[in-house]
Each structure stands twice: as structure tokens, then as C-alpha cells.
Amino acid sequence: MLYSTLQDYNEKDYIKVQQVLAFLKTLDLKELELGRFEIGEGIFANVMEYETSNINERQFESHRNYLDIQYVISGTEEIHVSPYTNYEEAVPYDLANDLELLEEPHAYAKFILNENEFVVMGANEPHRGAGMVDGMPVKVRKLVVKIPQ
């Protein structure tokens with residue numbers, strides 16, 4: 001699935017995504033240790049664990065320099081993604097962490113990501129995740145791959 005607008009779509013980004021996904025298929029993702037590891041060419045990944053919570057209490061975020069592949073290794077979470085990049089900042093951009101916290105966009109899609117499913121968010125695409133499904137918090141183990149623009 002690709003969720004974007006024609007103005008924001010960059011086909012070069014998705015060539016890198018295909019290469020990373022092919023690489024990930026060679027790994028036993030359930031055996032990855034928590035933390036960051038380098039993939040190459042400025043691409044890196046973070047393996048994290050957390051408990052889901054009320055997604056409406058979480059802020060949208062975006063990244064200017066990286067696109068995200070978010071892959072759920074175990075658990076289930078709700079995630080919201082907007083293709084609209086004309087958003088309002090809630091907190092000024094943090095260059096060191098490539099993180100911009102945002103006001104809720106005027107429109108976004110809601111997804112449930114289950115084990116072994118992933119979503120790709122382009123740079124500047126607002127998103128928020130770690131949402132509990134059906135009001136029940138669960139432990140999620142997730143791989144987030146950062147691909148530079």
C-alpha cells in the first residue's frame with residue numbers, strides 16, 4: 001500500500017524502500033535485539049518495545065530528512081497517517097532528532113497494524129502510532145527503519 005499525494009510522491013524514495021524490504025526479508029526479525037543498528041548508505045533501524053495507549057492522547061509527528069518503514073514484529077497497534085504536508089507545528093522542529101511535533105491534520109487515515117505488517121511514511125507525512133486497539137493496551141515490538149532523503 002502507498003498512501004500519498006501526487007505532489008509529495010517521490011519515486012526515488014520507493015526504490016530505496018524496495019531495497020530495504022528485500023534486505024529485511026533476509027533477517028529473522030523476531031531475533032533482533034532492542035536498539036539501533038546500521039543497514040548502510042545512511043539507512044538505520046531501531047527495534048523498540050512499548051505498551052500501546054490511547055492514540056488520541058498522542059501527538060502527530062513528522063520527519064524532514066527521513067522516511068519511515070514501521071514494521072510490527074509482534075503485537076497490534078493503531079496508527080494514523082496523513083498525506084497532507086501543509087501542517088501546523090505544535091512544537092518547533094528538533095533538527096538533532098529530525099522530529100517535528102504537529103497539530104492534528106485536517107484529514108488522516110486510521111490503520112490497524114498487526115504482527116508482520118508494515119506501513120511506509122514519506123518525509124513530512126504526519127503520523128502517530130502506538131495506539132491501543134479495542135481499548136486494550138498490549139505490548140508491541142516494532143522495527144522502525146529510517147531512510148534518508
Determine which single condition E77 fails, assuming it passes every other condition in (1) open to solvent by less than 10 Å² (accessible area, probe 1.4 Å); (2) charged (D, E, K, R); (3) closer than 26 Å to K12 by Cβ.
(3)
Would a scan of region 5-14 turn up a residue that is open to solvent by 60 Å² or more (accessible area, probe 1.4 Å) and more than 18 Å from E125 (Cα to Cα)?
no
Would you confirm whether any residue within region 73-81 is charged (D, E, K, R), closer than 29 Å to K25 by Cβ and in contact with a helix residue (DSSP H, G or I) (Cβ under 8 Å, 6 or more places away or on another chain)?
yes
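Could you go through region 86-96 and let me know if any residue there is of a type in the set (G, A, S), touching a strand residue (DSSP E or B) at 6+ places or on another chain (Cβ under 6 Å) and part of a strand (DSSP E or B). Don't jump to the end; show me each part of the working.
We begin by selecting, within region 86-96, every residue of a type in the set (G, A, S); these are 90, 96.
Now narrow it down to the ones that are touching a strand residue (DSSP E or B) at 6+ places or on another chain (Cβ under 6 Å): 90.
Those left that are additionally part of a strand (DSSP E or B): 90.
Checking region 86-96: at least one residue is of a type in the set (G, A, S), touching a strand residue (DSSP E or B) at 6+ places or on another chain (Cβ under 6 Å) and part of a strand (DSSP E or B).
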Within region 42-52, is even one residue modelled with pLDDT of 90 or more, over 24 Å from L101 (Cα atoms) and loosely packed, with under 15 Cβ neighbours inside 10 Å?
no
Can you confirm whether region 23-37 contains a residue that is surrounded by 11 or more Cβ atoms within 10 Å (Cβ to Cβ), within 20 Å of A130 (Cβ to Cβ) and over 17 Å from the mean Cα position of the chain (by Cα)?
yes
Filter region 100-134 for residues that are in contact with a helix residue (DSSP H, G or I) (Cβ under 9 Å, 6 or more places away or on another chain) and not in a loop (DSSP other than H, G, I, E, B); which is surrounded by the fewest Cβ atoms within 10 Å (Cβ to Cβ)?
K110
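Return the residue satisfying two criteria in turn: it lies in region 53-72 and is part of a loop (DSSP other than H, G, I, E, B) and open to solvent by less than 60 Å² (accessible area, probe 1.4 Å), and of such residues it is farthest from L95 (Cα to Cα).
Step one: of region 53-72, the residues part of a loop (DSSP other than H, G, I, E, B) are 54, 58-59, 63-65.
Going one step further and asking which of them are open to solvent by less than 60 Å² (accessible area, probe 1.4 Å), we end up with 54, 63.
Numbers: N54: 27, H63: 9 Å.
Going through the qualifying residues, I end up with N54.
The values are calculated or read from the model by the stated rules, or taken from the named source; none is laboratory data. Computed from a predicted model, the values in this text were never measured in an experiment. Note: ideal-geometry Cβ built from the backbone for every residue, glycine included; neighbour counts use all protein chains shown. Accessible surface areas use protein heavy atoms only, side chains included; no ligands, DNA or RNA. Shrake-Rupley method; radii C 1.70, N 1.55, O 1.52, S 1.80 Å.
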